[in-house]
Amino acid sequence: MAAQCGSLLYGGIHGRVDAASTSTRVDRIASAKRGQRGRRRSRTIITAAAAGNSADRTVVIAGAGLAGLCTAVALHKVGIPVRVLERDDVLPVGGSAIAMWANAFRALDAIGVAAPLRAAHPLLERTELCSRSGQVLRSFNFERDCEGGPHEARGMRRSELLQAMAAALPPDTIHFGAPVEGVRTDASGAVEAEVATGRADGRGAVVVGADGVRSRVGAHLGLSMPNYAGYSAYRGLATFEEGLPLPLNTIRQVWGDGVRAGMYPISDTEMYWFTCFNAPNGSGPSSAEDQKQEALDSVRGWPFGVPEAIAATSLSDVSRGRLGDRWSLPGSTYGRGCVTVVGDAAHPMTPNLGQGGCTALEDGIILARLLQPVLGEGAPHTTSTERAAAVEGALREYERQRTRRCFKVTLRSAAFGQLLQLPFPPVCAVRNLFVQKAFSPAHFLDHATFNCGSLESAAVRS
């Protein structure tokens, strides 16, 4: 238990929210609001297994979130044509902020977008585990006290990360206003993504669902919705113009009985926060005012700056979400034919380890590496049947690798969520005493030591 308790870290929470406009740092990174002009929508079928020009190598991606854009940039880097079909008219801004750990930065390094994000956001070097009664149960430094280094963690606006990846793609790669409504496969194995759009040539070789926990592509594959974990969360992004209520390099968690909270800086004036609470599976308050009030009520009177962070958050930066997961056994597959899924569509998980977005980035790198020998510029010339068989083999190998990796992370995250959401004061007192007296942080970051590897660019390969 001493080893495993090292992973009791709550990371970014997933879901679509109304986020504030991106800060000026984003303008220095990139602007990816292409194709936002009005479009007449019509219904069309996007074929993803047709021949001709580069269409027989194109990968069609449903969704321009973290998983979709990372996959697109990785595929582009290894020389595979890609087209991204996004439901919204602009880039999604789901989630107020997200923490990127070392495994995520390895993926961002692989696609060449990590440097400006590192420059814009402070390095998080330590954690404080606290009780709602005002005790600091344990504090430790990642590099000094945790095995598996070097370690890295930085928080950032989710929209900022999306724009950085979108800017690494060729113009017109992302087609906005193009919701994927389903996928069809004919007798020959050709795959079609059914899209309502006014502009989207989607002929290609593969359909990749990166359309989140309610994935239409996942539904085509028969994947179930995530199972509710028994708790929900509020999260937001607070602004403190006069300085933050915690050190710039620190992640702070505060534990109560069936309720917990946490926070970390993303700049010298902005701080991400969350509250997590046991709740029945149902919707909460609908208005922004009521949501913010419920978030405040859940931590009323708490120390360590938690209520102050919520109070310093604009209504547009507060959101509520139910948390859940879905387990796929190690080595199993979830795709079919030339169709697969990535990110939350593939392995939704609770955010207790901060790994949902991080593992989504890993997906893109590994999928691109496995498809490069089959669909890259140097791929052997084969018949369409032979190529489809090779693509299917690469997709199933990708899925086996990812279920072996993500099952452990999903299971561990679920176990720690249950431990942290215990509603019984006597049991929580024992938990806190253990953390204070016997907990070792040596394995606190084991889940973030994964290395997805690098990518060989098409130019180098040729």
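The values are calculated or read from the model by the stated rules, or taken from the named source; none is laboratory data. What you see is a predicted model, and the numbers here were worked out from it, not measured in a lab. Backbone-built Cβ (ideal geometry, glycine too); neighbour counts: all protein chains shown. Side chains are part of the model used for accessible areas, which takes the heavy atoms of the whole protein and leaves out ligands, DNA and RNA. Shrake-Rupley method; radii C 1.70, N 1.55, O 1.52, S 1.80 Å.
Of everything in segment 267-294 that's assigned to a loop (DSSP other than H, G, I, E, B) and in contact (Cβ under 8 Å) with a residue 40 or more places away in the chain, which residue is farthest from GLY324 (Cα to Cα)?
ASP268
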Q. Exactly one of (1) crowded, with 20+ Cβ neighbours inside 10 Å; (2) in a helix (DSSP H, G or I); (3) of a type in the set (D, E, K, R) is unmet by ARG320. Its number?
A. (2)
Q.
Taking the conditions exactly as written (farther than 22 Å from SER267 by Cα, touching a residue at least 24 places away in the same chain (Cβ under 8 Å) and touching a strand residue (DSSP E or B) at 6+ places or on another chain (Cβ under 9 Å)), does PRO81 satisfy them or not?
A. yes
Q: Give, as residue ranges, the helices (runs of 4 or more DSSP H) completely inside segment 343-462 that count at least 2 residues that are more than 20 Å from the chain's Cα centre (by Cα), at pLDDT 95 or above and farther than 27 Å from ALA261 by Cα.
A: 356-375, 384-420
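Could you pull out the residue among GLU241, GLU194 that is assigned to a loop (DSSP other than H, G, I, E, B) and either open to solvent by 10 Å² or more (accessible area, probe 1.4 Å) or touching a strand residue (DSSP E or B) at 6+ places or on another chain (Cβ under 9 Å) (or both)? Before you say what the answer is, go through the steps one by one.
Working: GLU194 fails: assigned to a loop (DSSP other than H, G, I, E, B).
Just a single option satisfies the conditions, and that option is GLU241.
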Q. Out of segment 138-162, which residues are within 14 Å of ALA120 (Cα to Cα) and assigned to a helix (DSSP H, G or I)?
A. ARG158, SER159, GLU160, LEU161
Q.
Just to be sure before I move on: is GLY222 modelled with pLDDT under 95, more than 30 Å from ALA261 (Cβ to Cβ) and either surrounded by fewer than 17 Cβ atoms within 10 Å (Cβ to Cβ) or out of contact with any strand residue (DSSP E or B) (no Cβ under 7 Å at 6 or more places or on another chain) (or both) in the structure I sent?
A. no
Q | Only one of LEU129, LEU69, LEU108, LEU75 that is at pLDDT 95 or above, closer than 21 Å to ILE266 by Cα and not in a strand (DSSP E or B) | A | LEU108
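Please determine, by comparing only the residues of segment 145-178 that are of a type in the set (Lys, Arg) and in contact with a Lys or Arg (Cβ under 9 Å, 6 or more places away or on another chain), which one is most open to solvent (accessible area, probe 1.4 Å).
So in segment 145-178, the residues of a type in the set (Lys, Arg) come out as 154, 157-158.
Going one step further and asking which of them are in contact with a Lys or Arg (Cβ under 9 Å, 6 or more places away or on another chain), we end up with 154, 157.
Working: ARG154: 32, ARG157: 13 Å².
The selected residue is ARG154.
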Q. Which condition number does ALA115 fail, the rest of (1) more than 24 Å from the chain's Cα centre (by Cα); (2) open to solvent by 40 Å² or more (accessible area, probe 1.4 Å); (3) among the small types (Gly, Ala, Ser) being met?
A. (1)
Q.
Let me confirm something: among THR350, THR359, which residue is among the hydroxyl-bearing types (Ser, Thr, Tyr), in contact with a strand residue (DSSP E or B) (Cβ under 6 Å, 6 or more places away or on another chain) and on the phi < 0 side of the Ramachandran plot?
A. THR350
**Q.** Close pairs (8 angstrom Cβ cut-off, 6 or more residues apart or separate chains): touching a residue at least 12 places away in the same chain (Cβ under 8 Å) and of a type in the set (A, V, I, L, M) in segment 298-315, in a loop (DSSP other than H, G, I, E, B) and open to solvent by less than 40 Å² (accessible area, probe 1.4 Å) anywhere
**A.** VAL299/GLY256; VAL306/VAL299; ILE310/VAL299; ALA312/PHE240
